[in-house]
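Notes to accompany the following structure.
The values are calculated or read from the model by the stated rules, or taken from the named source; none is laboratory data. In this text, all values refer to a predicted model and were calculated from it rather than measured experimentally. No Cβ is skipped: glycine too gets one built from the backbone with ideal geometry, and neighbour counts run over all protein chains shown. Protein only, heavy atoms only, side chains kept; ligands, DNA and RNA dropped before computing areas. Shrake-Rupley method; radii C 1.70, N 1.55, O 1.52, S 1.80 Å.
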Amino acid sequence: NQITLQATDAEGATSEVSADSLPFDFTNLGVKIGAIASATQDPVDTARRWIDNVQSRGVTGTVSGKDLGGLVPSAPAEAQLTVQMWFDTEGLVRRVRIEGPLAPDDPPDVVRVLEMRDFE
């Protein structure tokens, strides 16, 4: 599969970011996304979305920086971030949206979106 990482600033402008430029570790991504999903506190259904022409079910909850540590090793353990995930009808994660700072110089309202596509 292909991973696209986008950053959205406070004004809502979105830009694609090189995965190498951020403190993400994409090895064993499926396992890490599964761990984040399992660690999500107070999950609630969120609006369904069409992602790449596939209807996806959404779930929103809170995740600690400690629980994001596999994906973002430098995430502050005490951080509390809002995470939204969208799954297709086959249970594949299509999008992960992380709201909140993951690095010391991040603004408090930073949002990162991981898009997963081209599954084989």
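Looking at segment 77-89, which of its residues are free of Cβ contacts under 8 Å to residues at least 40 places away in the same chain and closer than 10 Å to residue 100 by Cβ?
If the condition is that a residue be free of Cβ contacts under 8 Å to residues at least 40 places away in the same chain and closer than 10 Å to residue 100 by Cβ, then 79, 80, 81, 82 are the ones that fit.
Suppose we filter 25, 67 for residues that are part of a loop (DSSP other than H, G, I, E, B), modelled with pLDDT of 90 or more and either β-branched (Val, Ile, Thr) or within 23 Å of residue 8 (Cα to Cα) (or both); which single one remains?
67
Hey, could you check segment 29-64 for residues that are over 15 Å from the mean Cα position of the chain (by Cα) and in a loop (DSSP other than H, G, I, E, B) and say which is nearest to residue 101 (Cα to Cα)?
Applying the filter and picking the extreme gives 52.
Is it true that some residue in segment 18-28 is farther than 16 Å from residue 114 by Cβ and of a type outside the set (Val, Ile, Thr)?
no
Conditions (1) open to solvent by 20 Å² or more (accessible area, probe 1.4 Å); (2) among the hydrophobic types (A, V, I, L, M, F, W, C); (3) over 22 Å from residue 27 (Cα atoms), marked per residue:
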site: 41; (1), (2), (3): yes, no, yes
site: 52; (1), (2), (3): yes, no, yes
site: 59; (1), (2), (3): yes, yes, yes
site: 66; (1), (2), (3): yes, no, no
site: 81; (1), (2), (3): no, yes, no
site: 85; (1), (2), (3): no, yes, no
site: 91; (1), (2), (3): yes, no, no
site: 108; (1), (2), (3): yes, no, yes
site: 111; (1), (2), (3): no, yes, no
